[in-house]
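A short write-up of the structure that comes next.
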Amino acid sequence: MSFTVAIVGRPNVGKSTLFNRLVGKKLALVDDTPGVTRDRRPGDAKLIDLRFRIIDTAGLEQSGPDTLQGRMWAQTEAAIDEADLSLFLVDAKGGLTPADETLAEMLRRRGKPVVLVANKSEARGSDGGFYDAFTLGLGEPCPISAEHGQGMLDLRDAIVAAIGEDRAYPPEDDVAETDIDLRPTFKDEDGEEEEAEAYDETKPLRVAIVGRPNAGKSTLINRFLGEDRLLTGPEAGITRDSISVEWEWRGRTIKMFDTAGMRRKAKVQEKLEKLSVADALRAIRFAETVVIVFDATIPFEKQDLQIVDLVLREGRAAVLAFNKWDLVEDWQTVLADLREKTERLLPQARGIRAVPISGHTGYGLDRLMQAIIETDKTWNRRISTARLNRWLESQTIQHPPPAVSGRRLKLKYMTQVKARPPGFMISCTRPDALPESYVRYLINGLRNDFDLPGVPIRMHFRSGDNPYESKAKKRR
């Protein structure tokens, strides 16, 4: 993007609403409650013909640096320092407050371009607040309505005037395009040519970090980044929005999503927490690999198991991270106990990769990233049809399908219909009569024989076409 813009202002002036308007999606949580936004959230904005990077920030709440509000404001100051331009939002309907004057003075001291924006200008009685904004000494305010999209053209003109046309409209680079299909092909053991989608080691990887509140998710991501990018603290439930951050690991771009802690559904009563959990669920669906963070001091709570089951039912590749390992004393005994419980309590994810880590000290983070990459490879794996049918034949010989109502079921043909997660289709007689126990036998055999540990496997059955069906209808 050509330049970066930070949206700043006191709580509840409409910063997140304007952010969602500019990025064209409902990325940031919006509620009437002041102080919903806590972390700084970046996004790619589009305003008429302008393209720029935008950062949503927490509202100014004057408090001590050791308090949650103080740490939130430190994140906002970091966004202002990072940005080339600040959009200073004031509430034209509610009028100015001392917090607006404090923030205006701070922005003047920074010496960076500022666009004063009078939001909620569509409301009756907003003229007084609009004219009061002139007293801040930051120039003429730009009247808009972030909720209704009014005044966006004037806002674009104000941004261009503040940043300069050369910065606002940089020359575009020519990008060469090619229509050549570079995917390799191979021949299986029977000489049948199939298309192979080779695993791309350079493709950006989307990873969601989920878990119960206060499991250390934000601290873990900060340790990966090497900076205090996300708001952390001893309080449970600090994170509300699902914040995405990008960094590189061994030359590969990793896009990580920090999510709100997920409590038991019965305990989630407030509307804001429901919005946060819904945002975390969207992050899980958008991600490719999901890291479920356990508190190693109190692992395998009922909610932990439910989160793992949710991730697997969504079809995501899952990795377990036992965080706070620096607080464990007898680590050999604890590790053996965790391995036993993982196998016993998560039979639907047999072979799932689990790594002890410490987000506070950085212990085990390289092993965690390696487990993420290996799990993603497994999640993307494809198996040739010839190999699958030879495997199916050997499985049915070792353990034939049961007979139902005196007629034995026949498994005729097998193929992989999709990856991400691996999905297989078996053509058979009377698929509805195939017992669940035999389906589990086939899935476990696939895991063991084709090295598919810890990823969800989808198995579909269908009856083969009857070539005599049309003739039978004619005789009738």
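The values are calculated or read from the model by the stated rules, or taken from the named source; none is laboratory data. Note that the structure is a prediction, hence the values are computed from the model and not measured. Every residue, glycine as well, gets a Cβ built from its backbone with ideal geometry; the counts of neighbours run over all protein chains shown.
Select, from 342, 333, the only residue that is part of a helix (DSSP H, G or I), under 24 Å from residue 214 (Cβ atoms) and free of Cβ contacts under 8 Å to residues at least 60 places away in the same chain. Going through 342, 333 in turn, the sole match is 342. Among the candidates 30, 13, 36, the residue that is of a type outside the set (Ser, Thr, Tyr), more than 25 Å from residue 256 (Cα to Cα) and not assigned by TED's automatic domain parsing to the domain that holds residue 228 is uniquely 13.
Any chance segment 420-435 includes a residue that's in contact (Cβ under 8 Å) with a residue 60 or more places away in the chain and not in a strand (DSSP E or B)? Yes, there is a match, as at least one residue in segment 420-435 is in contact (Cβ under 8 Å) with a residue 60 or more places away in the chain and not in a strand (DSSP E or B).
The condition of being of a type in the set (A, V, I, L, M, F, W, C), under 20 Å from residue 37 (Cα atoms) and surrounded by fewer than 23 Cβ atoms within 10 Å (Cβ to Cβ) holds for residue 275.
Considering only residues that are touching a residue at least 40 places away in the same chain (Cβ under 8 Å) and among the small types (Gly, Ala, Ser), look in segment 261-291 and name the one that is farthest from residue 16 (Cα to Cα). This residue is 287.
Answer yes or no: is there a residue in segment 397-417 that is buried (at least 17 other Cβ atoms within 10 Å of the Cβ), among the β-branched types (Val, Ile, Thr) and in contact (Cβ under 8 Å) with a residue 40 or more places away in the chain. For segment 397-417, residues buried (at least 17 other Cβ atoms within 10 Å of the Cβ), among the β-branched types (Val, Ile, Thr) and in contact (Cβ under 8 Å) with a residue 40 or more places away in the chain: absent. Within segment 282-304, the set of residues being surrounded by fewer than 16 Cβ atoms within 10 Å (Cβ to Cβ) and of a type outside the set (Lys, Arg) comprises 286, 297, 298, 301. Taking into account only those residues within segment 276-310 that are touching an Asp or Glu at 6+ places or on another chain (Cβ under 7 Å) and assigned to a helix (DSSP H, G or I), which is modelled with the lowest pLDDT? Residue satisfying both the conditions and the ranking: 279. Looking at segment 146-264, the helices (runs of 4 or more DSSP H) lying wholly inside it that each contain 2 or more residues that are of a type in the set (Val, Ile, Thr) and modelled with pLDDT of 85 or more sit at 152-163, 217-225. Which is at pLDDT 90 or above, among the basic types (Lys, Arg) and more than 22 Å from the chain's Cα centre (by Cα), of 21, 51? When all the criteria are applied, what remains is 51. Here is the figure for segment 253-299: residues that are small (Gly, Ala, Ser) and farther than 26 Å from residue 341 by Cβ total 3.
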